Structure formats: structure tokens, C-alpha cells
Amino acid sequence: MKILRWIIGVVLLGSFLYWNFYKFEYGLIVKFINILLFCALYVLYRVILGPTAADRIVAVDILGVLIIGLLALLGIYYDKQFFIDIGLIWALMSFIASLAFAKILEGRNLDE
Amino acid sequence: MNNLHEIIGLVFIGFGLCFDFFGVLGLVRLPDVYNRLQAATKCVTFGSAGILFGVFIYKGFADFDFKLLLGIVFIFLTAPVAAHAIARAAHRSGIPLAKETVIDCYKDDNELKEK
Amino acid sequence: MTIKTRSRVVVFILSWLVYMGLTSFTDLQEVLAGLVVALLVSMLAGHFYLSSPKRQRIFRRIGFGIIYFFRFLLEVTKANWQVALLVVNPVLPIKPGIIKIKTKLKKDSSITMLANSITLTPGTLTIDVNPKEKELYIHWINTTSKDIEEDTRIIGEKFEKILMEVVE
């Protein structure tokens with residue numbers, strides 16, 4: 001079973017890298033954005049199959065930090081300034097969301 | 001691609017992406033929630049800060065963009081606090097540690113207080 | 001000048017700089033709006049930012065702050081390199097455990113900075129702080145010793161010495 005998971009992971013990663021750097025005919029920034037989206041796929045694996053609730057909360061928290069980098073790269077690609085504003089607000093909201101999730105997990109009310 | 005600052009910025013963005021990927025790999029591979037939280041918080045925070053710094057250099061110093069530096073400071077301040085809150089909440093709600101764990105002082109001390 | 005007035009001045013300058021960083025330094029209207037907003041913020045909520053009386057040797061503290069910044073950057077890079085080596089290792093050589101260390105710092109802000117620094121440095125994650133007995137509970141990914149003094153020497157002291165000079 002463990003060997004099967006290893007084979008699936010390595011084949012998935014290898015085929016993704018081959019497709020991204022040899023077949024995909026766009027600029028370097030778009031390839032970087034693809035790598036970040038692939039990372040977000042791994043995080044979603046942990047969100048869906050996490051054994052406990054805390055694993056899912058960790059994954060959502062990490063996804064919030066990943067998306068800041070993604071928005072900065074999108075700001076380069078479209079050559080617009082406002083993506084970075086969205087990134088800052090996203091960081092703030094995801095921080096507050098993580099704290100709220102942690103409080104709920106601990107079993108306390110939000111207004112304590 | 002001809003300017004020097006664009007090349008340096010792309011190198012920084014590449015480093016940040018590598019560390020992001022390692023952090024996410026740690027999130028998938030490590031055994032329990034505390035180890036996952038450690039690997040993911042360290043690597044993804046550093047990687048995202050690397051990407052933001054790379055974008056800051058890539059844009060050149062013509063339009064000097066302080067928002068990216070503010071973003072770096074912000075994620076370095078908030079990510080450890082969120083990790084601390086989640087770890088504490090997970091331990092208090094009784095999520096077990098991995099079977100490789102050698103010592104757990106926190107649980108022992110809490111049991112002493114309750115007695 | 002009392003503590004509250006000094007605290008308001010510091011908050012005014014900081015919030016004006018953040019406002020300018022979010023907009024732009026070149027536009028006169030933005031500069032004036034930033035001044036108004038920073039004045040409002042510092043009048044409403046600026047009186048509890050500083051809490052201790054005036055201290056001397058400000059330049060020495062700024063110098064130690066710069067040393068702390070570079071030490072922090074070095075430790076963060078080392079931590080990321082260790083995690084990268086750990087994660088690509090096929091057998092995952094981990095030995096996790098929760099230990100506790102003691103600290104000599106007194107103020108809340110410096111203990112917070114110490115806890116955040118410990119979280120971002122190699123292999124350690126702060127789980128809880130006991131402010132009465134000055135103890136920090138730390139999850140360590142590769143536990144090499146279970147003794148409190150030894151752990152304090154390994155994990156805490158490298159930042160504690162510098163933070164003593166900067167914040168206390």
C-alpha cells in the first residue's frame with residue numbers, strides 16, 4: 001500500500017514537471033503559477049482526506065498563505081497593481097479565520 | 001528578460017516556489033498534526049516571503065512598491081501566531097500525537113494541575 | 001513628556017508610514033489624508049502602545065535590533081533547509097516530543113517575540129506559554145534531550161541574549 005502511494009506520487013509529480021517545462025508553451029511566469037496551483041492541489045488533498053479536524057484547519061491556514069504568493073505572481077502576469085491589495089486583505093482575513101477556527105476547535109465561544 | 005533586476009527577481013521567485021513545494025510535501029507526508037504544522041508553517045511562510053521579495057525586485061525600482069514589503073512583514077508576524085493557536089487548540093481538544101513521540105511534558109503538567 | 005504622549009507620537013509616526021506605504025509618497029492629497037487618519041488613530045487608540053518609562057541608549061538598542069534581524073534571517077534559512085532535507089528523505093527520521101524550557105525575560109512583548117522566533121527556527125514550535133512560572137512548552141521534531149536546563153541552553157538562549165538587550 002505504501003509502495004503504491006509512492007508510485008502514484010512520483011508519477012504524478014514527474015508527469016506534471018515534464019508537461020510544465022517541455023510541453024507548455026507560455027512564459028516563465030505562467031509556469032511558476034502552474035507550480036503553485038499544483039501545490040494547492042496537494043493542500044486540497046489534505047483538506048479532503050485529513051484524518052482529524054485539526055489537519056483540515058492547518059491545511060486551510062496554509063492555503064491562505066500560498067494564495068498570497070499566487071496573487072503576487074498574477075499581478076506580474078496581468079501587470080496590474082491591485083492584485084497585491086487583494087493579497088494583503090486575503091492575508092488578514094485568513095489570519096482571523098485561523099484564529100476563529102482554533103477557538104472553535106478548542107470548544108470556546110467566539111466572544112470570550 | 002534582458003534586465004538584470006528581472007533575472008534576480010525570477011531567481012528569488014524560484015527559490016520561494018521550491019520552499020513552498022517542500023512545505024506542502026511535508027504537509028502531505030509527515031505523520032501527525034503537530035509535525036505537519038511545523039513543516040508547513042516554516043516552509044510556506046519563507047516561500048511566500050521569497051515570492052513577494054522576488055516580485056518586489058522584478059518590478060524594478062521605478063515604481064517603488066512598499067505594499068509587498070508590508071506583506072512580508074505581515075505574514076512573518078501572523079503565521080507563527082496562527083500556528084501557535086492551532087497547535088494549542090489541537091492539544092487541548094485531545095488530538096493524539098504520533099506513535100514515534102518520546103515525551104509529552106504538556107499533558108503531564110495539565111494532569112498535575114487538574115489533580 | 002509623559003508616557004501616554006510619547007506613545008501617541010510613536011503610533012502617529014508608525015501609522016502615517018504604513019498609510020504612505022499603502023498608497024504613494026508623491027501625491028500631496030494622499031499625504032494630507034494620511035496625516036489626518038494617523039492623527040485620528042493616535043488620538044483614539046494610541047495611548048497604550050508604550051508601557052514602560054523612558055530608557056536610555058537608544059542607538060545601542062537599534063544596533064542590537066539589527067543583529068537580531070540578521071540572526072533571525074540566518075536561523076530561518078537554516079530551518080527551511082533542514083525541513084527540505086527531512087521531507088525528501090524516504091524514511092522520515094523524526095523523533096518528536098513536547099518539552100518545556102525556562103526563560104528569563106519579563107515583559108509580555110519580549111516573550112511573544114521569543115515564542116515567534118522559536119516557531120520559525122529549526123525544528124521547534126511553541127505550543128503554550130505559562131506566564132507565571134516563565135515556561136514555554138515546545139514541540140520539537142528531533143528531541144535530543146529531555147532535561148529542562150539542556151533544552152533551554154540549546155533552544156532558547158541564542159535569541160534570549162539578544163532580546164534582553166533589545167526589548168528589556
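If you check B:V24, B:V33, B:V55, B:V28 for being more than 22 Å from C:V88 (Cα to Cα), among the β-branched types (V, I, T) and within 10 Å of chain A (Cβ to nearest Cβ), only one passes: B:V55.
Among what's in segment C:81-102 and is open to solvent by 10 Å² or more (accessible area, probe 1.4 Å) and assigned to a loop (DSSP other than H, G, I, E, B), pick the residue that is modelled with the highest pLDDT. Step by step, filter segment C:81-102, then rank; the result is C:V88.
Filtering segment C:63-80 down to residues that are open to solvent by 40 Å² or more (accessible area, probe 1.4 Å) and of a type in the set (V, I, T), which residue is nearest to C:H139 (Cα to Cα)? Filtering first and then ranking leaves C:T77.
Considering only segment B:79-106, state which residues are among the basic types (K, R) and either open to solvent by less than 50 Å² (accessible area, probe 1.4 Å) or within 15 Å of C:T143 (Cβ to Cβ) (or both). Passing the criteria: only B:K99.
The criterion of being in a helix (DSSP H, G or I), open to solvent by 30 Å² or more (accessible area, probe 1.4 Å) and either touching a strand residue (DSSP E or B) at 6+ places or on another chain (Cβ under 8 Å) or over 30 Å from C:S24 (Cβ atoms) (or both) holds for B:F21.
Quick check: anything in segment B:42-56 open to solvent by 20 Å² or more (accessible area, probe 1.4 Å) and under 29 Å from C:E135 (Cβ atoms)? Looking through segment B:42-56, at least one residue is open to solvent by 20 Å² or more (accessible area, probe 1.4 Å) and under 29 Å from C:E135 (Cβ atoms). Residues in segment C:121-138 that are more than 16 Å from B:I86 (Cβ to Cβ) and either open to solvent by 10 Å² or more (accessible area, probe 1.4 Å) or facing another protein chain (nearest Cβ under 9 Å) (or both): C:T121, C:P122, C:G123, C:N130, C:P131, C:K132, C:E133, C:K134, C:E135.
Right, B:G50: more than 8 Å from every other protein chain (Cβ to nearest Cβ), assigned to a helix (DSSP H, G or I) and under 13 Å from the mean Cα position of the chain (by Cα) or not? Talk me through it step by step, then tell me what you get.
On the way: more than 8 Å from every other protein chain (Cβ to nearest Cβ): yes; assigned to a helix (DSSP H, G or I): yes; under 13 Å from the mean Cα position of the chain (by Cα): yes.
Judged against the criteria, B:G50 is a match.
Checked against the criterion of being over 13 Å from the mean Cα position of the chain (by Cα) and in a loop (DSSP other than H, G, I, E, B), segment A:85-100 has no qualifying residue. On inspection, A:L70 does not qualify as open to solvent by 40 Å² or more (accessible area, probe 1.4 Å), outside any loop (DSSP other than H, G, I, E, B), aliphatic (A, V, I, L, M) and closer than 15 Å to A:I33 by Cβ.
Taking (1) facing chain B (nearest Cβ under 10 Å); (2) exposed (fewer than 13 other Cβ atoms within 10 Å of the Cβ) in turn, A:Y78 satisfies each apart from (1).
The values are calculated or read from the model by the stated rules, or taken from the named source; none is laboratory data. Remember, predicted model here, so these are calculated numbers, not experimental data. All Cβ positions, glycine included, derive from the backbone under ideal geometry; neighbour counts span all protein chains shown. SASA here: full protein model, heavy atoms, side chains in, ligands and nucleic acids out. Shrake-Rupley method; radii C 1.70, N 1.55, O 1.52, S 1.80 Å.
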